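Here you go, one structure.
The values are calculated or read from the model by the stated rules, or taken from the named source; none is laboratory data. Computed from a prediction, not measured in an experiment: that's the story for all the values here. Heads up, the Cβs are rebuilt from the backbone with ideal geometry, glycines too, and the neighbour counts pull from every protein chain shown. Accessible surface is based on the protein model in full, side chains and every heavy atom, while ligands, DNA and RNA are left aside. Shrake-Rupley method; radii C 1.70, N 1.55, O 1.52, S 1.80 Å.
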Amino acid sequence: MGTLYLVATPIGNLSDFSPRGVETLSAVSEIYAEDTRRSGQLLTHFQIKNPLHSYYEQNELLRIPEIMAKLATRDIALVSDAGTPTISDPGFKLVRAASSAGYKIVSIPGPVAAVLALTSSALPTDRFSFIGFLPKKDLARRKVLEEIKTWRSTLIFYESPYRVQATLKSLLEVLGDRPASVSRELTKLHEETVRGELSELLAIFSKSVKGEITIVVGVKENGSSEPPADAA
């Protein structure tokens, strides 16, 4: 009976790939990746020549039976295009299926953009909630924010560089003017983290920027979750 390995890969800097991660991908029979082009470059860099197959949201339900059959006799690895599998990436359904079938599941640790952004945000880290990507449509996005506006934890969001302004605006209007940070290009050459109140960050990021974005939002120090009077 094989083992399903969930292998975290670098989110930018290749030096962040752990020796254990390289060793695992070199030892498994086959590798499934969200983006075979990007993962193929990673494998080539580390001289890993094992077979590589696609595993993404649109073919996930077709791939799961295939992978389950292979796990009966061999070890399989799953990687996302960057970071840790199943964190805002496909993989949860496969892990659930493998667990239900009694297969061993091993996670190989590595970079997670949410944690990197949190630790450099200068916001409390003792209690945090990972929200991931908010809905693209304004009303749906606001509905989610209304549901979490009273949570007493630091909030972490992923966002596209093209929607950072709209998301910051929604955060300000629904959550109020809270301390926050915006991180982009984490672990890369032009890595940047900007800290300030949401109103200040909205003014700074008035246009789309380059690089994947992680937004971290703190709890208002006075405990209030009401938005400012002029936020709307």
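Only one of Gly218, Gly211, Gly176, Gly196 is at negative phi and either modelled with pLDDT of 95 or more or open to solvent by less than 40 Å² (accessible area, probe 1.4 Å) (or both); which?
Gly218
Quickly run through the stretch 109-119 and pick out the residues that are aliphatic (A, V, I, L, M), touching a strand residue (DSSP E or B) at 6+ places or on another chain (Cβ under 8 Å) and either under 17 Å from Leu25 (Cβ atoms) or not in a loop (DSSP other than H, G, I, E, B) (or both).
Residues satisfying the conditions are Ala113, Ala114, Leu116, Ala117, Leu118.
Also: Which ones in the stretch 186-219 are farther than 24 Å from Leu14 by Cα, hydrophobic (A, V, I, L, M, F, W, C), in a loop (DSSP other than H, G, I, E, B) and in contact with a Ser or Thr (Cβ under 9 Å, 6 or more places away or on another chain)?
Answer for the stretch 186-219, where residues must be farther than 24 Å from Leu14 by Cα, hydrophobic (A, V, I, L, M, F, W, C), in a loop (DSSP other than H, G, I, E, B) and in contact with a Ser or Thr (Cβ under 9 Å, 6 or more places away or on another chain): just Val219.
Within the stretch 149-165, how many residues turn out to be closer than 27 Å to Asp126 by Cβ, open to solvent by 20 Å² or more (accessible area, probe 1.4 Å) and in a loop (DSSP other than H, G, I, E, B)?
4
While we're looking at this one, here's another question. Identify the single condition in (1) open to solvent by less than 40 Å² (accessible area, probe 1.4 Å); (2) assigned to a loop (DSSP other than H, G, I, E, B) that Pro124 does not satisfy, given that it satisfies every other one.
Pro124 satisfies all of (1) open to solvent by less than 40 Å² (accessible area, probe 1.4 Å); (2) assigned to a loop (DSSP other than H, G, I, E, B) except (1).
Condition (residue is among the charged types (D, E, K, R) and out of contact with any strand residue (DSSP E or B) (no Cβ under 8 Å at 6 or more places or on another chain)) applied to the stretch 84-93: is it met by at least one residue?
The answer is yes, given that some residue of the stretch 84-93 is among the charged types (D, E, K, R) and out of contact with any strand residue (DSSP E or B) (no Cβ under 8 Å at 6 or more places or on another chain).
Which residue, of Thr187, Thr154, Thr125, is closer than 30 Å to Arg20 by Cα and either in contact (Cβ under 8 Å) with a residue 60 or more places away in the chain or within 15 Å of the chain's Cα centre (by Cα) (or both)?
Every option except Thr187 fails the conditions.
Where in the stretch 1-108 are there helices (runs of 4 or more DSSP H), lying wholly inside it, with at least 3 residues that are open to solvent by 30 Å² or more (accessible area, probe 1.4 Å) and without any contact (Cβ under 8 Å) to a residue 24 or more places away in the chain?
36-45, 60-71, 92-100
Just to be sure, is Pro65 in contact with a strand residue (DSSP E or B) (Cβ under 6 Å, 6 or more places away or on another chain) and modelled with pLDDT of 95 or more?
no
Okay, moving on. Given the conditions (1) among the small types (Gly, Ala, Ser); (2) under 11 Å from Ile215 (Cα atoms); (3) touching a Leu at 6+ places or on another chain (Cβ under 8 Å), which single one is not true for Ala114?
Unmet for Ala114, out of (1) among the small types (Gly, Ala, Ser); (2) under 11 Å from Ile215 (Cα atoms); (3) touching a Leu at 6+ places or on another chain (Cβ under 8 Å): (3).
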